[in-house]
Every structure is written in C-alpha cells, then in structure tokens.
Amino acid sequence: NNFSEVNKELLSEMNEEIGKGNFNDVKVLAMEVEENVQKVIQHGKRADAIVKGMLLHSRAGSGKIEPVDINALCDEYLRLSYHGFRAKNKTSDIVLQTDFDRNIGKVNIVAMNMGKALSNVFSNAFYAVNEKKAKSAGGFQPMIQVSTKKKNGKIEIDNIL
C-alpha cells in the first residue's frame, strides 16, 4: 500500500514535469515508479504465500492417516515457517534450497501432525542460522537446505543448515 501511494505521488509529479518539458526528470521519476511496482509485486506475492500458508496451517485436519504429497507438505511448511520468521526478522536474508525426490509419490501420514513437526524443525533451523550469522564476523550466508528421498522403502527428510 505504501509503495502504491508513493507511486501515485510520483505520477502526479511526473505529469507536472511533462508539462514543464523536463523529460530527464520524467525519466528518473518513471524509473522510481518501475522500482516501486516491482516491490508491490514482490510484497503482494509474499502476502499471498503467507495467507495460503495460514490457510493450510489452520485447516481442520481429520486426524486420520491419509495419502499426502510429502514434497508439497515440506515445501509449504518451509515457506510458511520462512515467512513467519521474516515477519519477526525483516533484515534477515536466508537462502532456501530444496531438492525433493519426485519419485516418492504420496505417503500415508496425518498431514497436520507432520506439518506441525516440520514447522518446528524449520523454525528452529531459521533461528539457528540467523544466530550463527549474528555471531560470525561476516562472510557467512545463512542457508537452509531441505531434501526428501526414498531410501530402503522409507522416506527421509533432511534439513541441512
């Protein structure tokens, strides 16, 4: 909303400059508007992901074991945890990497219980790498890697800091 309001002001200013014939100023203002539009898009996508994550997190689970796409569940809870972390730590810049085994298929689990467990693991990982960066003398890029793989008839979920 803030960037949209700023763009409105910039466009008014741009119209004034067009009327004066100051086209160099118009070009500068147009670049500012473009940058702000990119920020509006970025923040809109982030808000969309947060809302979707909240809906996923709050949906009533049956408590029954049912077939679930474990890769999608990991990805959704990783992003939900990340956005929750970013809401509290706006300056943190943690890189997310995923490597999901697409051959796993669906796994019979209680989705809500697994989601809560994943959320806790991921939240702890974000906290840990953020603390490590705060204690480092620089040069440390916080990264969370999450992977899934099927091994000996079992599914492994790895969370590497």
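The listed residues are Asn130, Asn120, Asn159, and the only one of them that is within 19 Å of the chain's Cα centre (by Cα), within 15 Å of Leu73 (Cβ to Cβ) and open to solvent by less than 80 Å² (accessible area, probe 1.4 Å) turns out to be Asn159. Residue count for region 135-150, restricted to those that are farther than 25 Å from Glu76 by Cβ and open to solvent by 80 Å² or more (accessible area, probe 1.4 Å): 3.
Among the residues of region 24-65, those that are polar (S, T, N, Q) and modelled with pLDDT under 85 comprise Gln42, Ser58, Ser62. Take the conditions without any contact (Cβ under 8 Å) to a residue 40 or more places away in the chain and closer than 19 Å to Lys88 by Cα and apply them to Glu131. Does it pass? Judged against the criteria, Glu131 is a match.
Condition first: open to solvent by 40 Å² or more (accessible area, probe 1.4 Å), within 23 Å of Asp48 (Cα to Cα) and of a type in the set (S, T, N, Q). Now tell me which residues in region 64-112 satisfy that. Within region 64-112, Asn89, Thr91, Gln97, Thr98 meet the criteria. Residues in region 126-161 that are under 21 Å from Ala87 (Cβ atoms) and part of a helix (DSSP H, G or I): Phe126, Tyr127, Ala128, Val129, Asn130, Glu131, Lys132, Lys133, Ala134.
The values are calculated or read from the model by the stated rules, or taken from the named source; none is laboratory data. In this text the structure is predicted, and so the values were computed from the model without any measurement. Cβ coordinates were reconstructed from backbone atoms using ideal geometry, including for glycine residues, and neighbour counts include every protein chain displayed. Accessible surface areas use protein heavy atoms only, side chains included; no ligands, DNA or RNA. Shrake-Rupley method; radii C 1.70, N 1.55, O 1.52, S 1.80 Å.
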